[in-house]
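These notes are about the structure you will find just below.
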Amino acid sequence: MDILSLALLLPLVAALDFSYHRTKELEAFLKAVYKNHASITHLYSVGKSVEGRDLWVLALGRFPTQHKIGIPEFKYVANMHGDEAVGRELLLHLIDFLVTSDQHDPVITKLIDSTRIHIIPSMNPDGFEAVTAFSCNPPAGRYNANKKDLNRNFPDAFIKNNPKVQPETRALMDWMKNEMFVLSANLHGGSLVASYPFDNGNSLTITPNDESKTLDNDVFEHLARIYSTNHATMHEGSACQNGEYFLDGITNGYRWYQVEGGMQDYNYIWGQCFEITVEVSCCKFPQQDELSSFWNDNKAALIEYIKQVHLGVKGRVLDKNGEPIPGAIVEAVDRRHICPYKTNRNGEYYLLLLPGTYTLNATAPGSRSLLRKMHIPNGIGNFSALTYDFIFPELHTRGEPGSCPTKPLYSSNDHRSMSTTLSTAISSLILINIFYAVIR
């Protein structure tokens, strides 16, 4: 038996140690946390892998079992590629740090008071189990048990990729549909950089300097830079020995390399969730005596990034009787998402925006739009975004949130906002002109 197998078979001790934890040890740790900290944690599975392993999630918050109006939902996902194992262990140590710091550390206590945090240490447990030796580039483990790359397996907004959706991918897609996530990060390995959308693109999104930009590019650059600058060395831009250099330790995903069917693009377009991809280690599966250093390097960044869920503005869309209006579109003018961001069944919306002055456009089914100009402060210090409710006095409706089609959306024929009442041709032209004005 090799050294890695022996290390992974060691029994889990009471305190979380700095070693790699196989699926059984990971499950034992999560169940122990749930048992010992039941008031602030909830352990659940979003589905199973190809080989039948649970995709465990630990939720942390003052109301861990259910969504509460006004409390934003945040998530961390790691080990999407099974051989990229550092992120998996980082999230276990993050869980340990959060539950042991509650009521002792005022910042962590406020974070748990104000946020519902979901953590998946391993999206690809089958791939992780396939790794048999410490290696910076393991020969096995990247793919799931069906030999599919899960970060190329999501529907793509730019092309008709028509992937055969894997069980792990389907579980994450269903999870995003059932929860209203606001902010997310996906932890990978093999480099040291924070990458932001888009990972794919076309003529409507790709700029002359070969970046594929969203209309929220300022927010995404901020999010990536928050992680990078709070990391011990990522912000230096050249920690790895492969010749890559990233200014400030961040990069546009497409500019780095093109990804079709990636998870971060899917989150932003169809999940109404801002997600970045964080490469946390030059070596994918390093010796386990290095894990404590990785935790020390990433600890502050992991915490500071969660706080960013409180950027911008949040609130509800209500009718004249104070009843919620599901399916209403709320977006900042000039930031109309190609798949419009809609309110949930509680009439809630969350918009991540940097501090500044914006005009918000709320459109409810069967009613005219409401425009509100407002100054949005930085809500990080108060652990709460600005709260503003839209009231439609002439409307009394109960509906369901609308869904966005899964066909490719970023094309010249489809690039328009559903939140306007202009003709198709005029709205498409205006939005394309705005898009180019913003990204150039």
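So which residues in the stretch 236-253 are closer than 17 Å to A185 by Cα and either touching a Gly at 6+ places or on another chain (Cβ under 7 Å) or small (G, A, S) (or both)? Result: G249, G253. Only one residue in S45, S101, S39 is touching a helix residue (DSSP H, G or I) at 6+ places or on another chain (Cβ under 8 Å) and small (G, A, S), so which one is that? Sole residue among the options that is touching a helix residue (DSSP H, G or I) at 6+ places or on another chain (Cβ under 8 Å) and small (G, A, S): S101. Does the stretch 141-163 include one or more residues that are assigned to a helix (DSSP H, G or I), β-branched (V, I, T), surrounded by fewer than 18 Cβ atoms within 10 Å (Cβ to Cβ) and in contact with an Asp or Glu (Cβ under 8 Å, 6 or more places away or on another chain)? Looking for residues that are assigned to a helix (DSSP H, G or I), β-branched (V, I, T), surrounded by fewer than 18 Cβ atoms within 10 Å (Cβ to Cβ) and in contact with an Asp or Glu (Cβ under 8 Å, 6 or more places away or on another chain), one finds none in the stretch 141-163, hence no.
The C-beta contact set for the stretch 83-98 (first residue at pLDDT 95 or above, second residue of a type in the set (G, A, S), distance under 6 angstrom, 6+ apart or interchain) comprises D83/G141; E84/G189; V86/G189; V86/S281; G87/A78; R88/A78; R88/S122; L91/A78. Do we have any residue at all in the stretch 311-322 that's buried (at least 20 other Cβ atoms within 10 Å of the Cβ), outside any strand (DSSP E or B) and out of contact with any Ser or Thr (no Cβ under 8 Å at 6 or more places or on another chain)? Yes - at least one qualifying residue is present in the stretch 311-322. Pairs linking a residue in the stretch 202-219 that is at negative phi to a residue that is among the small types (G, A, S) and surrounded by 19 or more Cβ atoms within 10 Å (Cβ to Cβ), with Cβ atoms under 7 Å and 6 or more positions apart or on different chains, are T205/S212; I206/S212; S212/G201.
Name the single residue, out of those in the stretch 111-134 being surrounded by fewer than 17 Cβ atoms within 10 Å (Cβ to Cβ) and of a type outside the set (A, V, I, L, M, F, W, C), that is nearest to the chain's Cα centre (by Cα). Don't jump to the end; show me each part of the working.
At the first step, the residues of the stretch 111-134 found to be surrounded by fewer than 17 Cβ atoms within 10 Å (Cβ to Cβ) are 113, 132-133.
Subsequent filtering for residues that are of a type outside the set (A, V, I, L, M, F, W, C) retains 113, 132.
On the way: D113: 20, T132: 30 Å.
The extreme case among them is D113.
Can you name the residue in the stretch 128-144 that is of a type in the set (G, A, S) and more than 20 Å from N186 (Cα to Cα) and is also modelled with the lowest pLDDT among such residues?
Filtering the stretch 128-144 for residues that are of a type in the set (G, A, S) and more than 20 Å from N186 (Cα to Cα), the one modelled with the lowest pLDDT comes out as A133.
Applying a threshold of 8 Å to beta carbon distances and a minimum spacing of six or more residues, or different chains, the list of pairs starting in the stretch 11-39 at a residue that is over 20 Å from D54 (Cα atoms) and ending at one that is at pLDDT 95 or above and among the aliphatic types (A, V, I, L, M) reads L16/L92; F18/L291; S19/L291; N36/V99; H37/V99. Within the stretch 300-310, is even one residue acidic (D, E) and assigned to a loop (DSSP other than H, G, I, E, B)? Within the stretch 300-310, not a single residue is acidic (D, E) and assigned to a loop (DSSP other than H, G, I, E, B).
Of the residues H67, H42, H37, which single one is touching a Ser or Thr at 6+ places or on another chain (Cβ under 6 Å) and either modelled with pLDDT of 95 or more or surrounded by 14 or more Cβ atoms within 10 Å (Cβ to Cβ) (or both)? Sole residue among the options that is touching a Ser or Thr at 6+ places or on another chain (Cβ under 6 Å) and either modelled with pLDDT of 95 or more or surrounded by 14 or more Cβ atoms within 10 Å (Cβ to Cβ) (or both): H42.
A search for C-beta distances below 7 Å between a residue of the stretch 360-375 that is of a type outside the set (D, E, K, R) and any residue that is surrounded by fewer than 11 Cβ atoms within 10 Å (Cβ to Cβ) and outside any strand (DSSP E or B), counting only pairs 6+ apart in sequence or on different chains, returns S367/E394.
Quick grid of which residues meet (1) surrounded by 24 or more Cβ atoms within 10 Å (Cβ to Cβ); (2) in the same structural domain as L91 (by TED's automatic domain parsing); (3) in a helix (DSSP H, G or I):
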residue	(1), (2), (3)
L183	yes, yes, no
V193	yes, yes, no
N209	no, yes, no
A224	yes, yes, yes
Q241	no, yes, no
D248	no, yes, yes
E290	no, yes, yes
S293	no, yes, yes
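Scanning the stretch 195-204 for residues that are surrounded by fewer than 24 Cβ atoms within 10 Å (Cβ to Cβ) and hydroxyl-bearing (S, T, Y) yields a count of 1.
Tallying residues that are within 29 Å of I250 (Cβ to Cβ) and touching a residue at least 24 places away in the same chain (Cβ under 8 Å) within the stretch 290-327 yields 23.
Considering each residue of the stretch 129-153, count those that are in contact (Cβ under 8 Å) with a residue 60 or more places away in the chain and either over 29 Å from Y254 (Cα atoms) or in contact with a strand residue (DSSP E or B) (Cβ under 9 Å, 6 or more places away or on another chain) (or both), and give that number. Of the residues in the stretch 129-153, 11 are in contact (Cβ under 8 Å) with a residue 60 or more places away in the chain and either over 29 Å from Y254 (Cα atoms) or in contact with a strand residue (DSSP E or B) (Cβ under 9 Å, 6 or more places away or on another chain) (or both).
The values are calculated or read from the model by the stated rules, or taken from the named source; none is laboratory data. Everything numeric in this text was worked out from a predicted model, so none of it was measured. For neighbour counting, all protein chains shown are included, and Cβ atoms are generated from backbone atoms with ideal geometry for every residue, glycine included.
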